Amino acid sequence: MTDGRALRRGNWSVQELERLRDLLPRRGVRGAATLLRRSPASVYRKALEIMRSPPRRGAWSRRDDRLLRDAWGVLDQRLLAAILGRSVAQVGARAEAIRGELGSGPWSQRERNRLKQFFGTRSDVDLEVCLQRPRDQIAAMARELCLAKDKRFSAAARRRAGADRGAAMPRWSSAEVATLRTLYVRHDNLEIARRLGRTVASVANKASQLGLRKGADVLASIGRANVRARYENDPAAPEAGSVDASSP
């Protein structure tokens, strides 16, 4: 079981295979398995079956580098190596080479979208490869965008570190809840998070628990602002979700 529904079994549909190709690099085996309602073992086997590449030598293509950066830190390196047609050692060496070419300067909207997409499920060390940015810049932008690690990722990280407790957002006070109720309908989640000193995810989750909804005009305005920023700052940026404008 995943979310109370039975797992799918048997043959994979064409639509499932297409979705697997899309989900796997960014979500990893377990994340893709949850969304596809398949077992992790089934996803791993199918990924090897349809995505394995023949052995390759020589220079890395832009496509291969993009796949490595998308999947780094969330996909098992043996599976990633098989998909890329390289050895595990070659994949690790290429990741270190990418880490040695970190950029700086203003963040494009595309980079911000990638940070929002990846931050919750990857370590800051791995994000250096995904984003080609130094850890201090990643941490600073994550604070600006009020991002936080996913609870499952944080719990797993604490277990790996042997810690019983980790930093967690404090419980919502009655005053904070009152402020959230007042602001939520007319303001975007990032603005609210900054005013309350909380993460965007914390604001969105609490609003969902309280059954709060944004006004249609506010959602439309936020959507237009996101599209405008995306294409003004980075015309080549692909369509991407924006967590600061999320509404349960």
(request) Looking only at the range 55-100, count how many residues are acidic (Asp, Glu) and assigned to a loop (DSSP other than H, G, I, E, B). (result) 1
(request) Select from the range 23-53 the residues that are in a loop (DSSP other than H, G, I, E, B) and farther than 27 Å from Arg99 by Cβ and list them in ascending order. (result) Arg37, Arg38, Ser39
(message) Restricting to the range 167-187, give me the number of residues that are within 21 Å of the chain's Cα centre (by Cα) and either of a type in the set (Gly, Ala, Ser) or modelled with pLDDT of 85 or more (or both).
(response) 2
(request) Collect the residues in the range 122-139 that are assigned to a helix (DSSP H, G or I) and either surrounded by fewer than 20 Cβ atoms within 10 Å (Cβ to Cβ) or acidic (Asp, Glu) (or both), keeping them in residue-number order. (result) Asp124, Val125, Asp126, Glu128, Arg135, Asp136, Gln137, Ala139
(request) Find all pairs meeting these conditions: Cβ atoms under 6 angstrom apart; at least six residues apart or on different chains; first residue within the range 215-231 and farther than 26 Å from Thr182 by Cα; second residue modelled with pLDDT under 75 and among the hydrophobic types (A, V, I, L, M, F, W, C). (result) Arg230/Ala237
(message) For the range 165-214, give me each residue that is among the aliphatic types (A, V, I, L, M), exposed (fewer than 13 other Cβ atoms within 10 Å of the Cβ) and not in a loop (DSSP other than H, G, I, E, B).
(response) Ala175, Ala178
(request) Considering only residues that are in contact with a helix residue (DSSP H, G or I) (Cβ under 7 Å, 6 or more places away or on another chain) and small (Gly, Ala, Ser), look in the range 63-91 and name the one that is nearest to Ser123 (Cα to Cα). (result) Gly73
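The values are calculated or read from the model by the stated rules, or taken from the named source; none is laboratory data. Values in this document were obtained by computation on a predicted structure and should not be read as measured data. Quick reminder, even Gly has a Cβ in these numbers, built from the backbone with ideal geometry, and neighbours come from all protein chains shown.
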